[in-house]
Amino acid sequence: MKLEVLFFGKFRDITGVSRTEAVIEDGSRLADLVNYFGAQYGKEFAENVDGIPGLRILVNGREYYLLGRMEAPLSDGTTVVFLPPVAGG
Amino acid sequence: MTGGYQNKVLRVDLTKRKFTEEPLSEALIHDYIGGRGFGVKLLYDDLKPGTDPLGEDNELIFTAGPLAGTNAQSFSRYKVFFKSPLTGGYFKSSSGGQFGAELKFAGLDLIIISGIADKPVFLSINDGKYELRDAEYLWGLDCDDTHTLIREELSDNNVKIACIGPAGERGVKYAGIFSERRAAGRGGGGAVMGAKNLKAIAIRGRGKVELADKQAYAAAVKEQVAGYQANPQFSTFSQSGTWIAEALNAMGMYPTKNFREGFVPEWEKLESSEYLKLLVRKTRCYSCMVHCGSIAKIASGRYAGSWTEGPEYETIWAFSGPVGHSDIGLTIAADKYCDDMGLDTISTGSTIGFAYELYEKGIITKADTGGLELTYGNSEPVMELIRQIAWREGIGDLLAEGTREAGRRIGKGAEECGIQVKGLELPAYDPRGAKSHGLNLLTANIGADHNTGYAPQEVFGVPIPREVDRLSSEDKGELTKWNQDLTAFLETGILCSFMPSMGMLSEDVYGRLLRSATGVKDFEDTAYLWKIGEKITNLERMFNAREGFGRKDDTFPRRLREESVPEGPSAGSVFEEKDMLDQYYKARGWDIETGVPTKEKLEELDLGFTLK
């Protein structure tokens, strides 16, 4: 399946891109996507997923913690956003 | 001993040119704490129902909280209270900067202004000396120049000023009050000031704020500072402030083309990383280590040479989403222009987006706009529209009334295009993408104000008090009440609303700061604080009920209730207004039919006097 992925903040620094496509196996979960990027961009990617307090990961606009956290299911056409915490407004 | 307060209220009658000093009553302190508590109680007591917002009897109540002017962090904002010419109801507006602390240094807790001066004046306050000085030569000047000339006249560069621009003088219904590029922007306080012929207030004080228990206060401040530093969002917020347009676009709830789409084309151009490239230096309010403010400058393109303090998120949105165009230079230039003219950026941008929709539908034409082509994606007319609104020229004279009144006057379906609640234009969040945030916009007593009960759970994913699904309408009544009552009691001390939205300050530390500063034991009891928060919200509602407000006024335009977000991460969502209002009134213990507090609720909150 093909996913659209948006990176912000530290993740943009690590990957060097703001937006990319990821092609991963059908039935994959969010943890698989993180591993996919880990293989592509190095262990710093996964370390930041674990290490940024308050990190938001949006799966089709919903917080990943509502969808089973790293077990959140993914499907073809899903948009995933890696967004370090923001505030204000 | 009692500390924190200066125990002095200054009443200014502009008609009679009379100044009166009064002590703060102990009952007012205990029962309302300060800030928003003082404001709503005094406005409720002083104003008769039916008071003309632009008449002699309306008041402008300026206040700083009991901790303002001390070394507690983020507490030196000020608030202004008045009956709004935009909504016809109770209004509160607030601003950061230095003015709030100076009010305290001048020995005051409150300034209550009534009457109308016979000619333009400014109020000078200098350590207990009060004067109304001629302001005819200032009339027509923008806010920046007004600051400069008053400082020159008083030969004092340290005087702190709150003033209006041309928009306030001309009664633009959403003109704000401006202090060193910070704004008490919303609701038309600038128009009230203009109607009173009051161009500015200039304050200089050399006093200090006494504390009841210095040792306990120092410990509480230390704990507050440590809490800030330990918060994961502190460093990001310090660096980027409210430059968060990417988050709202990524969630598909960035209102675009007058709330008909959920993200603006090329929104990547408005990301925080783009604004950081334009950052000149950071700014901060009195005694705030966050320094979230920024000076940003644009050096190329159509708006080259423009700079501003900000723009804050709301303003970034106001000059991009409503016109369907992402131009970072415009957001900077339009922000500064609104600050100079004395306009609320949210209502200005929203009203411009409203005009664009009317133009698209042929309800207004080039003949009405003086030849301006208000087509989405073309942001070129925005600066000219701001000018016309501020000076009430051309179509600006009509748009200066706000979207509700302008829609009524234009007719032909224009009424449906004003995206407002109670007359106050919605800010930069589509309620269909964040249901508790939306329910707050719907029920806030001043109209569609995000800061009355911001839902960080939905907008920022902050799981306090619990994790929530932003798109679900379930269990949002209680959550909205929680956010609103928390905000209400934190605004008695006039804490910056950004801090609770990030979980940077606990209720417990807040209570200890209040108790140690003031010496009032109950302020340390968080149950008491929650009761005061609920009491404030209920008294505000009773002010409005006295003016005829009720459930009929807690309503969104049809678009948000019946049309879904067309595409993006919030696609398919509508706002389930009836169900959510029922939930909310039930959570509040209010009458579900009328949306007004019950007798039992009022008596429980010691608000029985409102039943008379």
Practice problem: Give the residues of region A:41-66 that are polar (S, T, N, Q) and in contact (Cβ under 8 Å) with a residue 24 or more places away in the chain, sorted by residue number. | Solution: A:N48
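Here's the yes/no breakdown for (1) under 22 Å from B:G433 (Cβ atoms); (2) over 11 Å from the mean Cα position of the chain (by Cα):
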position	(1), (2)
A:V23	no, yes
A:S28	no, yes
A:D32	no, no
A:Y36	no, no
A:A39	no, yes
A:P53	no, yes
A:M70	no, no
A:P85	yes, yes
Quiz item: If you check A:V86 against the conditions, is it within 11 Å of another protein chain (Cβ to nearest Cβ) and part of a strand (DSSP E or B)?
Solution: no
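If I ask for residues that are out of contact with any Asp or Glu (no Cβ under 7 Å at 6 or more places or on another chain) and assigned to a strand (DSSP E or B), which ones from region B:8-29 would you list?
Looking only at region B:8-29, we keep the residues that are out of contact with any Asp or Glu (no Cβ under 7 Å at 6 or more places or on another chain), and these are B:12-14, B:16-23, B:25-29.
Those that are out of contact with any Asp or Glu (no Cβ under 7 Å at 6 or more places or on another chain) and assigned to a strand (DSSP E or B): B:V12, B:D13, B:K18, B:F19, B:T20, B:E21, B:E22.
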Practice problem: Take the residues in region B:460-478 that are modelled with pLDDT of 95 or more and buried (at least 24 other Cβ atoms within 10 Å of the Cβ), then tell me which one is nearest to B:L28 (Cα to Cα). | Solution: B:K476
Self-check item: A:V17 over 23 Å from B:N231 (Cα atoms), aliphatic (A, V, I, L, M) and over 11 Å from the mean Cα position of the chain (by Cα)
Solution: yes
Quiz item: How do the pairs read when you match residues in region B:373-387 that are under 15 Å from B:Y303 (Cα atoms) with residues anywhere that are among the acidic types (D, E) and assigned to a loop (DSSP other than H, G, I, E, B), using Cβ under 7 Å and keeping only pairs 6 or more apart or on different chains?
Solution: B:S379/B:D327; B:P381/B:E373
Exercise. Could you figure out which of (1) without any contact (Cβ under 8 Å) to a residue 60 or more places away in the chain; (2) closer than 15 Å to B:G447 by Cβ; (3) in contact with a strand residue (DSSP E or B) (Cβ under 8 Å, 6 or more places away or on another chain) isn't true of B:K552?
Key: (3)
Quiz item: Out of (1) modelled with pLDDT of 95 or more; (2) under 28 Å from B:N249 (Cβ atoms); (3) in a helix (DSSP H, G or I), what's the single condition that is false for B:Q457?
Solution: (1)
Quiz item: B:C338 passes all but one of (1) within 12 Å of chain A (Cβ to nearest Cβ); (2) modelled with pLDDT of 95 or more; which number fails?
Solution: (1)
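Quick check, is B:N440 in a helix (DSSP H, G or I), buried (at least 24 other Cβ atoms within 10 Å of the Cβ) and outside the structural domain of B:C285 (by TED's automatic domain parsing)?
Values: in a helix (DSSP H, G or I): yes; buried (at least 24 other Cβ atoms within 10 Å of the Cβ): yes; outside the structural domain of B:C285 (by TED's automatic domain parsing): yes.
Spelling it out, B:N440 is indeed in a helix (DSSP H, G or I), buried (at least 24 other Cβ atoms within 10 Å of the Cβ) and outside the structural domain of B:C285 (by TED's automatic domain parsing).
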Quiz item: Hey, B:E360 hits all of (1) touching a residue at least 40 places away in the same chain (Cβ under 8 Å); (2) of a type in the set (D, E, K, R); (3) closer than 28 Å to B:I410 by Cα but one; which does it fall short on?
Solution: (1)
Quiz prompt | When residues of region B:210-264 are limited to those that are touching a Phe, Trp or Tyr at 6+ places or on another chain (Cβ under 8 Å) and away from chain A (no Cβ under 14 Å), the one nearest to A:I52 (Cα to Cα) | solution = B:V264
Quiz item: If you check B:K79, B:K18, which single one turns out to be assigned by TED's automatic domain parsing to the domain that holds B:S179, within 21 Å of B:A183 (Cα to Cα) and of a type in the set (D, E, K, R)?
Solution: B:K79
Practice problem: Would you mind telling me which numbered condition in (1) away from chain B (no Cβ under 14 Å); (2) modelled with pLDDT under 95; (3) crowded, with 16+ Cβ neighbours inside 10 Å A:N60 fails? | Solution: (1)
Quiz item: Can you tell me which residue in region A:23-57 is surrounded by the most Cβ atoms within 10 Å (Cβ to Cβ), limited to those that are of a type in the set (A, V, I, L, M, F, W, C) and in a strand (DSSP E or B)?
Solution: A:I57
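Go through region B:439-463 and report how many residues are small (G, A, S) and either within 12 Å of chain A (Cβ to nearest Cβ) or within 24 Å of A:P84 (Cα to Cα) (or both).
Restricting attention to region B:439-463, the residues satisfying the condition of being small (G, A, S) are B:444, B:447-448, B:453, B:455, B:461.
If we keep only those that are either within 12 Å of chain A (Cβ to nearest Cβ) or within 24 Å of A:P84 (Cα to Cα) (or both) as well, we get B:453, B:455, B:461.
The total comes to 3.
Kindly state which strands (runs of 3 or more DSSP E) lie completely within region B:39-147 and contain at least 2 residues that are under 24 Å from the mean Cα position of the chain (by Cα).
B:60-64, B:78-83, B:90-95, B:110-114, B:121-126
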Self-check item: Matching residues in region B:507-530 - criterion: being aliphatic (A, V, I, L, M) and assigned to a helix (DSSP H, G or I)
Solution: B:V509, B:L513, B:L514, B:A517, B:A527, B:L529
Quiz item: For region B:213-243, how many residues are buried (at least 19 other Cβ atoms within 10 Å of the Cβ) and of a type in the set (G, A, S)?
Solution: 3
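Look through B:K269, B:K297, B:K277 and report the one residue that is within 13 Å of chain A (Cβ to nearest Cβ), over 23 Å from B:T351 (Cβ atoms), basic (K, R) and surrounded by fewer than 24 Cβ atoms within 10 Å (Cβ to Cβ). Spell out how you get there, then give the answer.
Numbers: B:K297 fails: within 13 Å of chain A (Cβ to nearest Cβ); B:K277 fails: within 13 Å of chain A (Cβ to nearest Cβ).
Only one candidate qualifies: B:K269.
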Self-check item: strands (runs of 3 or more DSSP E) within region B:156-257 that include 2 or more residues more than 19 Å from the chain's Cα centre (by Cα)
Solution: B:198-204
Exercise. Go through region B:535-561 and give me each residue that's in contact with a Phe, Trp or Tyr (Cβ under 9 Å, 6 or more places away or on another chain), within 18 Å of B:D582 (Cα to Cα) and in a helix (DSSP H, G or I).
Key: B:N538, B:R541, B:R551, B:L560, B:R561
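The values are calculated or read from the model by the stated rules, or taken from the named source; none is laboratory data. Bear in mind that the values here come from a model prediction, so they are computed numbers and not experimental data. Cβ atoms come from the backbone with ideal geometry, glycine included; neighbour counts cover every protein chain shown.
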